[in-house]
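Here is the structure we will look at.
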Amino acid sequence: MTRASSETAFASRPDLAAAFRQRKLAYGDRLRQLTSTIKTALNEQHYDEVQRIAHRLAGTCGLYGFADIGSKASAVAEAVRLRHHDELPHLVDSLAQSLREVDVGHDVDDQAIPDNRSLAGTT
């Protein structure tokens, strides 16, 4: 969906804009909660859990405009997949910092409306 079409969708459907804003706020809260979860999984060497969290983040962050977090999460998932465990502390620290600093306050009109199926595993 282009910016123009998302603006049109939100202009004609304020209920969609409000619903999206609510989901985005909830998703931002969830991202901040994942900071300790992913760091704990790494500290306990639960690499499958680190990869699961990172893979899910990489797949959903772009829906809400968090491309930087998505890229960092993708790098974490790839490092686990390749068994580059020595790189994980640095990558997870960088991802965790971005998760702690997530800003959901920017204007919803700049975002596409997410497909509910993609959000199923994020709450």
With a/c under 1.5 counting as rounded, go ahead and sort region 30-82 into rounded, prolate or oblate using the C-alpha gyration tensor (a ≥ b ≥ c being the square roots of the eigenvalues; past the cut-off, prolate if a/b is larger than b/c, else oblate). oblate
In order through region 74-91: 3J(HN,Hα) via Karplus (6.51 cos²θ - 1.76 cosθ + 1.60), integer Hz, x for Gly, Pro: 4, 5, 5, 4, 5, 5, 5, 4, 7, 6, 8, 4, 5, 7, 4, x, 5, 5
Net charge near Val102, counting Lys/Arg +1 and Asp/Glu -1 over other residues with Cβ under 11 Å of its Cβ? 0
Per-residue ³J(HN,Hα) for region 53-64, Karplus 6.51 cos²θ - 1.76 cosθ + 1.60, θ = phi - 60°, Hz, x for Gly and Pro: 5, 5, 4, 5, 4, 4, x, 10, 4, x, 4, 9
Let me make sure I get this right: for region 7-95, a, b and c are the square roots of the gyration tensor eigenvalues over alpha carbons, sorted descending. Under 1.5 in a/c it's rounded, otherwise prolate if a/b > b/c, else oblate. Which is it? prolate
For region 18-25, Karplus-derived ³J(HN,Hα) couplings (6.51, -1.76, 1.60; θ = phi - 60°; whole Hz; x for glycine and proline) come out as 5, 5, 5, 4, 5, 5, 5, 5
What distance in nm separates the two pseudo spin-label positions at Ser12 and Ala26, each 7 Å out from Cα along the beta-carbon direction? 2.6
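Where a number appears in this text, it was derived from the coordinates with a stated rule and is not lab data. Everything quoted here is computed from the prediction, not taken from an experiment. Please note: Cβ atoms are built from the backbone with ideal geometry, for glycine as well, and neighbour counts cover all protein chains shown.
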